[in-house]
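Beneath this line is the structure, given in structure tokens, with notes to follow.
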Amino acid sequence: MLIICSIYKPDMLCICESWLTKLHLDFKFKIQNFDSFRCDRQISRAGGVIMYSKIDVDFIVNRVHIEKSDVFESVTLKVKQKHSHPFYVSVVYISPKNVNKFKLIFMEVFKFVLNKDCIFVGDFNLDFNSSTTNDWFKKVSDIGLKQLIRDPTRITLNTSSIIDHIYVNDIYNVCASGTFDFAISDHFPLFYVRKLRYGLKKKSENNIFRYRDWKRLNVEIVAEEVSNFRFIENCFDINKCCNDLNEFIVKTLHSHLPHKTCNFMVKSSEKWMTNDILQLMKQRDRAKALLKYSCDPFLYNDYSHLRNSVNLLIRNRKSEFI
């Protein structure tokens, strides 16, 4: 793990089958500059998950859920960037004997994040290439989750399977995903690179503009005062004399042209607009452009989902300013 952190510098690191118990203290498994969140199996030494989150990053990470059931273990973290909606990351481990039970309770356990921007990663022990798991992948597809891993994650002498998965419900935030070509166990490590949404700069309530009102300037009074200017006697430096005259004229003008201020109110439409809405609108327009040149029903479903999401976000944001 230390080698992975030093070479690839991940912001988060998820481990399945940690095999930790309450007898294993956190400090023994600490990684420098990372916070750890773990969920140990209660009834045996096997199983368990642990998630590491980097400390010196520009987002806030909070633990929101730990599942310690007899069926599977998981840890869910909430990641919040400034001026942006949060997203959720869950690491999951399911033992092979509990796969069927997990299928039945998955939606109930994770219903608090399924309607939000979420990522599921872990060892699901469900082979993506096997026809026996088609019911599971149809189920997750129906709720908007897409499985990103296509290369084998566990290879033996006689078998090759994709049992380690990454699920997302917003493919437009995916920069890259896949597997590493080295194995520190009997599974290949997975990686996922996500777009970061840097928020809009927060604008002040009022924009204050300062200016001088030249329309009200009395030129005759200014000319009279300037005409009374006297140069320093016995001064033969022409540059100094010009600078003195210039400073006197500017000072005289400033005394007759005081600063005025004008407040420009920020439009309400700029207040409710957020970076999330702008990003989603770009994704919607991109999906519409793709749909224009294709009759693929899946593209239409993506566009329809994005369009409805944009309308819902705008409606909710506007309601906060009524």
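Here, each number is a calculation from the coordinates, and none is a lab measurement. These numbers were taken from a predicted model, which means no experiment stands behind them. Here the Cβ is made from the backbone with ideal geometry for all residues, glycine too, and neighbour counts use every protein chain on show.
Please report the antiparallel percentage of DSSP beta bridges with both residues in the chain, rounded to the nearest 5. Before the final figure, lay out each step's value.
Values: 49 of 55 bridges.
DSSP beta bridges in the chain are roughly 90 percent antiparallel.
Ordered from longest to shortest, the equivalent ellipsoid semi-axes for region 125-199 are 24, 19, 7 Å, each the square root of 5 times a Cα gyration tensor eigenvalue. Dipole orientation for the chain: of the candidates 104, 147, 208, 104 has the Cα lying most toward the positive pole (charges on Cβ; Lys, Arg +1; Asp, Glu -1).
Set the Förster distance to 22 Å, then compute FRET efficiency between residue 143 and residue 78 from the Cβ-Cβ distance, nearest 0.05. Walk me through the intermediate numbers first.
Values: r = 20 Å, r/R0 = 0.90.
After rounding to 0.05, the efficiency reads 0.65.
Cross-link partners for residue 22 among the lysines, with Cα-Cα distance under 16 Å and sequence neighbours closer than 8 places in the same chain left out: 30, 68. The GNM of the chain, with springs linking C-alpha atoms under 10 angstrom apart, assigns the highest mean-square fluctuation among 277, 249, 171 to 249. Comparing mean-square fluctuations of 85, 305, 254 from a GNM of the chain with C-alpha springs under 10 Å, the top value falls on 254.
Once the Cα atoms are used to define both axes, helix 297-319 deviates from the longest principal axis of the chain by about 50 degrees. Using the Cβ-Cβ distance between residue 112 and residue 157 with R0 = 35 Å, the FRET efficiency computed as 1/(1 + (r/R0)^6) comes to roughly 0.25. Averaging the Cα positions of each part gives two centres, and for region 34-59 and region 97-131 these lie 18 Å apart.
With charges only on Cβ, +1 for K and R and -1 for D and E, what is the dipole size of the chain about its Cα centre, in debye, rounded to 20? Present the calculation step by step, with values, prior to reporting the outcome.
On the way: 48 positive and 36 negative charges, 174 e Å.
So the magnitude is around 840 debye.
Return the Rg/Rh ratio of region 2-194 with Cα-based radii and a Kirkwood Rh. Numbers along the way, then the final one.
Working: Rg = 16.1 Å, Rh = 17.3 Å.
Result: Rg/Rh = 0.93.
What are the equivalent ellipsoid semi-axes of the chain, built from the alpha-carbon gyration tensor (square roots of five times its eigenvalues), in whole angstrom, biggest first? Can you show the working numbers first?
Details: eigenvalues 777, 139, 66 Å².
Each semi-axis is the square root of five times an eigenvalue, giving 62, 26, 18 Å.
In summary, region 268-319 shows an alpha-carbon radius of gyration equal to 1.25 times the 2.2 N^0.38 Å reference for compact globular proteins. Using 0.36 nm per residue and subtracting the Cα-Cα separation, the extra length available between residue 28 and residue 100 on full extension is 22.5 nm. For region 206-265, the mean projected area of the C-alpha convex hull, equal to one quarter of the hull surface, is 5.3 nm².
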